[in-house]
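The values are calculated or read from the model by the stated rules, or taken from the named source; none is laboratory data. Small disclaimer: the values here were computed from a predicted structure and weren't measured. In this analysis, Cβ positions are derived from the backbone assuming ideal geometry, glycine residues included, and neighbour counts consider all displayed protein chains.
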Amino acid sequence: MTVHIPSALRSYTKQKGEIEAEGQTLAEVMSALDRRYPGLCFRIITEQDTIRRHIRIFVNEEQARDLSVALQPEDQIHIICALSGG
Amino acid sequence: MLTSRKATSPQSATSSVALLIGTRKGAFILRSDRSHRTWKLTAPMFLGHIVHHLMLDPRDRRTMLMAASTGHLGPTIFRSTDLGKTWKETNTPPAFPKVPEGQKGRVVDHVFWLTPGHPSEPGLWYAGTSPQGLFRSNDGGVTWKPFSYINDDPQYREWMGTVQDGTPDGPKLHSILIDPRDPRHLYFAMSGGGVHESVDGGRTWTPIVQGLEVVEGFNTDNITFHDPHCVRLCPTNPDRLYQQNHCGIYRRDRSEGRWIRIGKSMPNKVGDIGFPMVLHPRDPDTVWVFPMDGSTVWPRVSPGGKPAAYITRNAGKTWTRQDKGFPRANAWWTVKRQAMTADAHEPVGLYLGTTSGEVWASRTGGTSWTCMARHLPEIYSVEAAGL
């Protein structure tokens, strides 16, 4: 599946905007991303494994509320920095 | 082991100073020449990041840690080992333990405070977070773990309160202090949640609030209600603490075991509310504060729009206004708790950063002030590093 990386996180991905990743769930994909790009995951997922307040993750245009969402190999995952003011 | 006391000798008058500036939109370094007459501002580092604190390790004078987050992204710490030329992110930022499924665990919103460890413990750092948490690194800031028991202790959690019980952008653990005579003698403070002391390296802590007032006539025995804004330890008399509190300015001598309100001798129209507290590097009787308007809805600006520092040279018996060079009127800014500091020179150099993005300096211990930089983002912290 393809993970679309926002500009705020591309310092972790060597400026790549799209990353191919594998996993059965969103949690597995996030773990895989963090293994390849250490530190990335904690900027968007808290230590309690919740999505941070001003981050949104969409799977095929459906907003994921938590990391238990099941994934298919052809899924498109978008990480979005939501409006946070100031 | 509280035996020896070593006076800090003045730094060479010909050494340069670097001001490490944390702002709401990135970090900057303002560096002086050897005469301190000309200053050069760097380009912003981590532009767009909220930088609460930027510290140089005084033990190696090369390592710098930066507490950073953004409006969107979670908190982290960046680390430089070449005086800020290059940076790497910490491997494991401060984070609370994950709780079992079904329980509500705490989440670090931002790292607020950084303190390098005792000179005998190279590589050791402490960090305070919002919401309140105490963390430690043993490897120069590469990895961080919760320190001591307080983060999960039921009594401390009660004193910390909820995220609604603290300052407007979250309750904070700050003022992590280390006795220069003994690395096991520690203090920290919480807004809100009081001031705490350990004499056994953090194994046990004791609240030290006797003598402090709390707002609106609440019970002073309840640690939750105590709101220290900034606590400092005298380098040449480590048994003396000074504190700028939500309810006034205080001094505490360990032999007396209680806080004495020394702000009552401030002028009535100015009051003794504020955030920063700056100590003289060699004279335990000399300290500076920067009062703000804490009346009615707490405007958090200079009283009357007329900024001024106040100095006492007799441990708080009397105070003298120091406003030469500052705007005479219509200056509606103030100085946050980490944004005023002193260097180790003689006479002492003082530096402060304002909520309106200006950096002011005094080369004469506060008797006159000069604006050295304007138009920066809102300044959260200023630290003076001797180079």
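Some observations on this one:
- Tally of residues being facing chain B (nearest Cβ under 7 Å) and at pLDDT below 95 across the stretch A:35-57: 1
- Given (1) buried (at least 23 other Cβ atoms within 10 Å of the Cβ); (2) without any contact (Cβ under 8 Å) to a residue 40 or more places away in the chain, number of the condition residue B:337 does not satisfy: (2)
- Condition met for residue B:325 (at pLDDT below 95, assigned to a loop (DSSP other than H, G, I, E, B), farther than 23 Å from residue B:54 by Cβ and not basic (Lys, Arg)): no
- Candidates B:82, B:33, B:57, B:109 - the one that is among the acidic types (Asp, Glu) and in contact with a Leu (Cβ under 9 Å, 6 or more places away or on another chain): B:57
- One residue alone among B:134, B:114 is surrounded by 15 or more Cβ atoms within 10 Å (Cβ to Cβ) and under 30 Å from residue A:67 (Cα atoms), and that residue is B:134.
- Scope the stretch B:69-117; condition over 21 Å from residue B:148 (Cα atoms) and of a type in the set (S, T, N, Q); matching residues: B:69, B:70, B:80, B:81, B:86, B:103
- Filter result (among the aliphatic types (A, V, I, L, M) and more than 11 Å from chain A (Cβ to nearest Cβ)) within the stretch B:49-95: B:51, B:54, B:55, B:56, B:64, B:65, B:66, B:67, B:83
- Residue B:295 being at pLDDT 95 or above, among the hydroxyl-bearing types (Ser, Thr, Tyr) and farther than 24 Å from residue B:367 by Cβ: no
- In the stretch A:44-67, the residues that are within 16 Å of residue B:98 (Cα to Cα) and not acidic (Asp, Glu): A:44, A:45, A:46, A:48, A:50, A:51, A:52, A:67
- The listed residues are B:198, B:191, and the only one of them that is within 27 Å of residue B:256 (Cα to Cα) and touching an Asp or Glu at 6+ places or on another chain (Cβ under 7 Å) turns out to be B:191.
- Checked against (1) in contact (Cβ under 8 Å) with a residue 40 or more places away in the chain; (2) closer than 24 Å to residue A:11 by Cα; (3) surrounded by 15 or more Cβ atoms within 10 Å (Cβ to Cβ), residue A:76 passes all but a single condition, namely (3).
- Hits in the stretch B:215-233 (condition: buried (at least 21 other Cβ atoms within 10 Å of the Cβ) and within 15 Å of residue B:249 (Cβ to Cβ)): B:226, B:227, B:228, B:229, B:230, B:231
- Residues of the stretch B:306-320 classified as under 22 Å from the mean Cα position of the chain (by Cα) and either aromatic (Phe, Trp, Tyr) or not in a loop (DSSP other than H, G, I, E, B) (or both), total: 5
- When the stretch B:216-256 is filtered for residues that are polar (S, T, N, Q) and more than 18 Å from the chain's Cα centre (by Cα), the ones remaining, listed by number, are B:219, B:220, B:222, B:224, B:236, B:237, B:255.
- Residue B:125 being among the aromatic types (Phe, Trp, Tyr) and either away from chain A (no Cβ under 14 Å) or crowded, with 24+ Cβ neighbours inside 10 Å (or both): yes
- Every residue from the stretch A:22-34 that is more than 14 Å from every other protein chain (Cβ to nearest Cβ) and surrounded by fewer than 19 Cβ atoms within 10 Å (Cβ to Cβ): A:22, A:24, A:25, A:28, A:32
- Qualifying residue in the stretch B:4-25 (condition: of a type in the set (D, E, K, R), surrounded by fewer than 21 Cβ atoms within 10 Å (Cβ to Cβ), in a loop (DSSP other than H, G, I, E, B) and modelled with pLDDT of 95 or more): yes
- Candidate set: the stretch B:129-147, residues that are among the polar types (S, T, N, Q) and in contact with a strand residue (DSSP E or B) (Cβ under 6 Å, 6 or more places away or on another chain); chosen: the one nearest to residue B:57 (Cα to Cα): B:137
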